[in-house]
Amino acid sequence: MRVIQVVASIGDEASGISNSVRRLCESLIATGTDVRLASLDRAPAPNLPGYLTGFPLGWGPRRLGVSSRMRRWLEHEVASGGVEIIHNHSLWMMPNVYSGRVCRNQSCRLIVSPQGTLSHWALGQNRLQKEIFWRLLQRPAVHVAACFHATAESEFEDIRRLGFRQPVCILPNGVDVPPLEQKSDGGRRRLLFLGRIHPKKGVDILLRAWRVVEHRFPDWELHVAGPDNRGYLAEMQALAAQLHLTRLVFCGPLYDDEKWQAYRDASVFVLPTHSENFGIAVAEALAAGTPAIVTHGAPWAGLVEHGAGWWIEIGVDPLVACLEQALSTPPQRFREMGRAGHEWMKRDFSWDRIGPKFLATYRWVVGDGEAPAWVRLD
């Protein structure tokens, strides 16, 4: 089977989509699948994989990602008859439009992973521009999809709410699961946020909640790690100064080993987000053996079921109440929760399990066998 994965960019190391698409390619290649990844090469990036085909930006607004070379390459590859699946990731850029256009009236089948772009919150951002783009370009391209991919039940509901009746494959994004390391009980305990400093992530909620609880827990400190998003980091630093917060560290972006060490050094991970289709940082924290506090803006109800953390309403007051409970938790209980989360990730979210499930979905989409158990037809 030959598969082309399409994503606007893999150069942003902070992007969960960039990382997960690369790991999906690698897990499929490990099964013997012939995989190519088509992406815009917006900026030089180190260690580019051999399965990547990069394309330069053409004329037009940079945010749209216009690339006539990518379009022509996709047209050629599909017309050659050798491509069975194009799997498109995310929406609202021209590469996500090209994927649908080249599959029209062709034997190649399109799978669309919205990656959170169809949630109520996401559609409410830049609403007018999205409505125009949707009607003229994006909806006609998505309409030809043979199957959608949703990372959770909530994203399945987003797809159905917009009127699409195609089958939906519900599979989480995979995560790398390192060996579980023993955490130290010494020193100050750490509450960690790690992700883009973006309005949807709820960093402002976290800072306001920290103001309420910090004086009650002098042995704890808050670390906020992640890259800036269009100046929002400066806004959050100004808010922290306005709130007179103490024991707060803005760490900047962390990647690779530094990122994983930050997860291990934390006692609790927190994501007070407004909207996530998945939330890869949650899976990474759990894989590193760190319990998590996550709002209902992300599909992590299983935190409670698996004894790996807390799943709470969005807002300052619910987060304050949860922090008062979580920061009072004994270290031994955190270790138990950490082990539970690590085992959960290893069992259900590791790439060596997720990759073969995607391959089985692709085979079914092209007519091989019965629908897998994770495909919804209703």
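Per-structure values
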read-out: Odd one out for Leu180, checked against (1) among the hydrophobic types (A, V, I, L, M, F, W, C); (2) crowded, with 17+ Cβ neighbours inside 10 Å; (3) assigned by TED's automatic domain parsing to the domain that holds Ser275; (4) under 25 Å from Pro331 (Cα atoms); value: (3)
read-out: Residue within the range 148-170 that is of a type in the set (Gly, Ala, Ser), more than 24 Å from Met345 (Cα to Cα), modelled with pLDDT under 95 and within 18 Å of the chain's Cα centre (by Cα) present; value: no
read-out: Leu245 farther than 30 Å from Arg339 by Cβ, of a type in the set (A, V, I, L, M, F, W, C), in a loop (DSSP other than H, G, I, E, B) and modelled with pLDDT of 95 or more; value: yes
read-out: Subset of the range 213-235 [closer than 13 Å to Leu191 by Cβ and surrounded by 15 or more Cβ atoms within 10 Å (Cβ to Cβ)]; value: Val213, Glu214, Phe217, Trp220, Glu221, Leu222, His223, Val224, Ala225
read-out: Only listed residue being farther than 28 Å from Arg216 by Cα, in the same structural domain as Asp204 (by TED's automatic domain parsing) and touching a Pro at 6+ places or on another chain (Cβ under 8 Å), chosen from Gly338, Gly309, Gly279, Gly252; value: Gly279
read-out: The range 63-84 - residue that is without any contact (Cβ under 8 Å) to a residue 12 or more places away in the chain and assigned to a helix (DSSP H, G or I) and, of those, farthest from Leu37 (Cα to Cα); value: Ser68
read-out: Number of positions in the range 48-94 that are under 23 Å from Thr117 (Cα atoms), under 27 Å from the mean Cα position of the chain (by Cα) and surrounded by fewer than 16 Cβ atoms within 10 Å (Cβ to Cβ); value: 3
read-out: The range 240-274, subset of a type in the set (Gly, Ala, Ser) and buried (at least 16 other Cβ atoms within 10 Å of the Cβ), residue farthest from Arg211 (Cα to Cα); value: Ala262
read-out: Which numbered condition His120 fails, given (1) touching an Asp or Glu at 6+ places or on another chain (Cβ under 9 Å); (2) crowded, with 17+ Cβ neighbours inside 10 Å; (3) closer than 23 Å to Arg376 by Cα; value: (2)
read-out: Residue in the range 10-29 that is within 21 Å of Gly174 (Cβ to Cβ), β-branched (Val, Ile, Thr), modelled with pLDDT of 95 or more and in a helix (DSSP H, G or I) present; value: yes
read-out: Leading residue by the ranking (nearest to the chain's Cα centre (by Cα)) among those in the range 186-225 that are closer than 19 Å to Asp317 by Cβ and among the β-branched types (Val, Ile, Thr); value: Val203
read-out: Residues of the range 71-92 satisfying the condition of being touching a helix residue (DSSP H, G or I) at 6+ places or on another chain (Cβ under 6 Å) and hydrophobic (A, V, I, L, M, F, W, C); value: Leu74, Val83, Ile85, Ile86, Leu91
read-out: Residue match in the range 205-215 (condition: part of a helix (DSSP H, G or I), of a type in the set (Val, Ile, Thr), closer than 24 Å to Thr117 by Cβ and in contact (Cβ under 8 Å) with a residue 40 or more places away in the chain); value: yes
read-out: Test for Ala281: is it outside any helix (DSSP H, G or I) and either in contact (Cβ under 8 Å) with a residue 60 or more places away in the chain or crowded, with 24+ Cβ neighbours inside 10 Å (or both); value: no
read-out: Given (1) among the hydrophobic types (A, V, I, L, M, F, W, C); (2) in contact (Cβ under 8 Å) with a residue 40 or more places away in the chain; (3) in contact with a helix residue (DSSP H, G or I) (Cβ under 6 Å, 6 or more places away or on another chain); (4) under 20 Å from Leu136 (Cα atoms), index of the condition Cys103 fails; value: (3)
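The values are calculated or read from the model by the stated rules, or taken from the named source; none is laboratory data. Keep in mind that what you see is a predicted model, and the values were worked out from it rather than measured. With ideal geometry, Cβ positions are generated from the backbone for all residues, glycine too; neighbour counts draw on all protein chains shown.
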